[in-house]
Amino acid sequence: MGSENRRFVVNLSILFTELPLLERPAAAAAAGFTAVELWWPWVDSPTPARSEIDALKSAIETAGVRLTGLNLYAGRLPGPDRGALSLPGEESERFRANIEVAADLAGSLGCTALNALYGNRVDGVDPAAQDALALENLARAARAADRIGAILLIEALNRPESPRYPLVSAEAAVEVADRVNEATGLGNAKFLMDLYHLSMNGEDLPRVIDTHAARTGHVQIADSPGRGAPGTGSLPLADLLDRLEKAGYDGWIGLEYKPGDRPSAEAFDWLPREARPAR
């Protein structure tokens, strides 16, 4: 799929999930990849035991892969939640408790991107109050990311699958990133351009790329419909990645797709093995 300069990273929270968490980094390495990313692995705990964190760090280091992206605590994901940072009360507090834990783990592994999912709208809560809380928590996260030399990613999801999530367009996510940068003065809040989610929202993907490539900190791909591997749907992913490259994007491309009814190791036949290691 195009340029030899592309840098692919395997998302271990959607691929290789047939394996225990600690076996997934080695499985990605065996498939030829040198970079991985993760949603927050401990769904029930924003502050897991040190032994659990150390075990994951060791698994990544032993496999010889690099962690390039890590989600901050987002509630039950996979599941009904889409983030915690804009939810008043306990979930927001859990997010805050997670910030330094996640930043420390990311920093210890040279990870340079933290992804903060915004959270669903809550019945009976003023959206403006949720947005104010979100900005406060995102500013905290941006400062923690800056401490480890990382960026903070703001992601748009898709309305059909996440109907209560407020950021369902590229413009909405970029606007939040702008507000965070204005609040902190750091400039490290960036747009996470997930081509699958944006396509599900019916966005004009070439226009999104041309408009927002310069403010994009990370790209993720899956085909649509179905969220499968490239070639299983109708998205012209090769053309879109070419367009991104011409627009100046040279960052990581996250493989965040479902392997289908086959082992994850067999879900990369679209990508020649020699193109899998990061360059």
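Comparing G110, G187, G248 in a Gaussian network model of the chain where C-alpha atoms under 10 Å apart are linked, the largest mean-square fluctuation is found at G248. Between the listed residues N137, N115, A150, the Cα displaced farthest toward the positive end of the dipole of the range 110-163, a dipole computed from Cβ unit charges relative to the Cα centre, is found at A150. Distances over 26 Å make up what percent of all Cα-Cα pairs in the range 108-252? Pairs farther apart than 26 Å: 26 percent. Panel values: the range 207-279, Kirkwood radius from alpha carbon pairs, Stokes-Einstein at 10 °C and 1.306 mPa s, translational diffusion coefficient 120 µm²/s. Neighbours of A213 by Cβ distance under 15 Å: Lys/Arg scored +1, Asp/Glu scored -1, total -3. Eigenvalues of the alpha-carbon gyration tensor of the range 93-180, scaled by 5 and square-rooted, set the equivalent ellipsoid semi-axes at 24, 14, 12 angstrom, largest first. With all protein chains kept in place, the per residue accessible area of the chain amounts to 40 square angstrom at a probe of 1.4 angstrom. Volume per residue of the convex hull around the Cα atoms, evaluated for the range 134-209, comes out as 86 Å³. In a Gaussian network model over the chain where Cα atoms closer than 10 Å are linked, find which of L38, L157, L72 has the largest mean-square fluctuation. Greatest mean-square fluctuation among the candidates belongs to L38.
Summary value for the chain: 21 percent relative contact order, contacts being C-alpha pairs under 8 angstrom separated by 6+ residues. With contacts taken as Cα pairs under 8 Å and at least 6 residues apart, the range 17-106 reaches a relative contact order of 30 percent.
Using all pairs of distinct alpha-carbon atoms, the Kirkwood hydrodynamic radius of the chain works out to 18.7 angstrom.
The packing ranking, built from the mean of other Cβ atoms within 10 Å per residue, places the peptides 203-211, 141-149 in the order 141-149, 203-211, highest first.
Per-residue ellipticity at 222 nm computed for the chain from its helices equals -11000 deg cm²/dmol, with DSSP H segments shorter than 4 residues left out and the rest contributing -39,500 (n - 2.57). Between A128, A103, A59, the Gaussian network model of the chain with springs among Cα atoms under 10 angstrom shows the greatest mean-square fluctuation at A128. Between D239 and E23, the simple label model (points 7 Å from Cα in the Cβ direction) yields a spacing of 4.1 nm.
Restricting the calculation to Cα atoms, every distinct pair contributes to the Kirkwood radius of the range 74-123, found to be 11.5 Å.
Taking N as the residue count of the range 38-145, its C-alpha radius of gyration divided by 2.2 N^0.38 Å amounts to 1.08. Reported to the nearest whole Å, the Cα centre-to-centre distance from the range 223-279 to the range 117-195 is 25. Here the chain has 50 percent of its accessible surface on carbon and sulfur atoms, given a 1.4 Å probe and all protein chains in place.
Take each peptide in 162-168, 267-273, count the other Cβ atoms within 10 Å of every residue, and average; sorted highest first, the result is 162-168, 267-273. Here the simple spin-label model places points 7 Å from the Cα toward Cβ, and for E182 and D54 these points are separated by 4.5 nm.
The values are calculated or read from the model by the stated rules, or taken from the named source; none is laboratory data. Owing to the predicted nature of the structure, the values given are computational and were not obtained by experimental measurement. Because the Cβ atoms are built from the backbone with ideal geometry, glycine has one as well, and the counts that use them run over all protein chains shown. Accessible surface areas use protein heavy atoms only, side chains included; no ligands, DNA or RNA. Shrake-Rupley method; radii C 1.70, N 1.55, O 1.52, S 1.80 Å.
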